[in-house]
Amino acid sequence: MSAGAAETRTFLCRSDNVGVLIHDPRTGACAAIDVPEAGPVLRALDETGWRLTDILVTHRHGDHIEGIPEVRRATGARLTAPEKAREAVPDADVYVREGDRVRVGALEAEVWETPGHCLDHVTYWFSGAEIVFAGDTLFTLGCGRVMESPPETLWRSLQRFDALPDATQVFSGHDYVLSNARFARAVEPGNAALEARAAEAERARTEGRFLVPSTMGAERDANPFLRVREPTVAHAVDLPAGGDPAAVFVALRAWKNRF
Ligand SMILES: [Zn+2]
């Protein structure tokens, strides 16, 4: 698919990781966002004919970085990783932190530090292409698990996504859409947009597709973690409507852990 000048390709890695390439047709530059597994990334490069110039790491977890050495050997791609993941990714060419800019050919991303899933997590926001690489922060119909910090930290990170335009394409690091849809429907059984999205997820699964990318507009309509200001969502976790949205988020995240 293409968005503005950028082309993207998604493919499954491991059991539920989403591999993704972003390609700049003007310069031929191409980046892999994380490398969960080398084989599928190299295959996708083969199929597209794209030449990998960059690897952008979102966070240090093994299922996002394990394929890096092999893909780097095969392609010579430049490796960009979060400064806070330096210990786990000791051989990056570039380390990035909040506010840094990353170029993939003529495409440019702003780096956001988005802790919550883990402390070193960063997000790459390609504003010109309206594409955001969310890693394990925001998922289609869900959000990441909370580790290493209080859940409010992830809530604050998600607020930054919530400020993005509706048309923004959101690429997340895993395909958890079916289980996320089950949980979302338990939270908001009367949400028509969610029902349509859940049906779409079922259809996609039978056709061997997954719902990545999503869009910010679709997520705002159906993802309970972005809908904590809705009275029905607050009531679903026994909190009053119009209260502290972060408290609703925390209760919702705890419920999902038990779900
Ligand atoms: Zn992770």
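The values are calculated or read from the model by the stated rules, or taken from the named source; none is laboratory data. Note that this is a predicted model, so its numbers are computed, not measured. Methodologically, a virtual Cβ is constructed for each residue, glycine included, from the backbone with ideal geometry; neighbour enumeration extends over all protein chains shown.
Enumerate the pairs (first residue in the range 214-228 and among the small types (G, A, S) and surrounded by fewer than 24 Cβ atoms within 10 Å (Cβ to Cβ); second residue anywhere and at pLDDT 95 or above and not in a loop (DSSP other than H, G, I, E, B)) with beta-carbon separation below 7 Å, excluding pairs fewer than 6 apart on the same chain, so at least 6 apart or on different chains.
These pairs meet every condition: S214/V170; A218/R197.
Restricting to the range 15-43, name every residue that is among the aliphatic types (A, V, I, L, M) and touching a residue at least 40 places away in the same chain (Cβ under 8 Å).
Passing the criteria: V18, V20, I22, A29, A31, A32, I33.
Name the residue that is farthest from the ligand (Cβ to nearest atom), counting only residues in the range 37-51 that are surrounded by fewer than 18 Cβ atoms within 10 Å (Cβ to Cβ) and within 20 Å of A106 (Cβ to Cβ).
G49
For the condition surrounded by 15 or more Cβ atoms within 10 Å (Cβ to Cβ), within 19 Å of S157 (Cα to Cα) and of a type outside the set (S, T, N, Q), what is the one hit in D120, D54, D34?
Only one candidate passes the filter, namely D120.
Being outside any strand (DSSP E or B) and among the aliphatic types (A, V, I, L, M) is the filter; apply it to the range 135-156 and report the residue that is nearest to R60 (Cα to Cα).
Residue satisfying both the conditions and the ranking: M147.
S172 is checked against (1) in contact with a helix residue (DSSP H, G or I) (Cβ under 9 Å, 6 or more places away or on another chain); (2) within 13 Å of the ligand (Cβ to nearest atom) and fails just one. What number does that condition carry?
Failed condition: (1).
With the requirement that a residue be charged (D, E, K, R), assigned to a helix (DSSP H, G or I) and surrounded by fewer than 16 Cβ atoms within 10 Å (Cβ to Cβ), what does the range 60-93 give you?
Listed by number, the residues that qualify are E70, R73.
Here are H23, H61: which of them is of a type outside the set (D, E), within 18 Å of F171 (Cβ to Cβ) and out of contact with any strand residue (DSSP E or B) (no Cβ under 8 Å at 6 or more places or on another chain)?
When all the criteria are applied, what remains is H61.
When Y124 is evaluated against the numbered criteria (1) within 24 Å of D16 (Cβ to Cβ); (2) away from the ligand (no atom under 16 Å from the Cβ); (3) touching a Leu at 6+ places or on another chain (Cβ under 6 Å), which criterion, by number, is the only one it fails?
Y124 satisfies all of (1) within 24 Å of D16 (Cβ to Cβ); (2) away from the ligand (no atom under 16 Å from the Cβ); (3) touching a Leu at 6+ places or on another chain (Cβ under 6 Å) except (2).
Only one of (1) crowded, with 24+ Cβ neighbours inside 10 Å; (2) outside any strand (DSSP E or B) fails for V132. Which number is that?
(2)
Is there a residue being in contact with a His (Cβ under 7 Å, 6 or more places away or on another chain), modelled with pLDDT of 95 or more and of a type in the set (F, W, Y) anywhere in the range 181-189?
No, that holds for no residue.
From the list V250, V233, pick out the single residue that is crowded, with 22+ Cβ neighbours inside 10 Å and among the β-branched types (V, I, T).
The unique qualifying residue is V233.
Hey, among the residues in the range 56-74 that are more than 16 Å from the ligand (Cβ to nearest atom) and either under 21 Å from the mean Cα position of the chain (by Cα) or not basic (K, R) (or both), which one's farthest from R14 (Cα to Cα)?
Out of the qualifying residues, it is A74.
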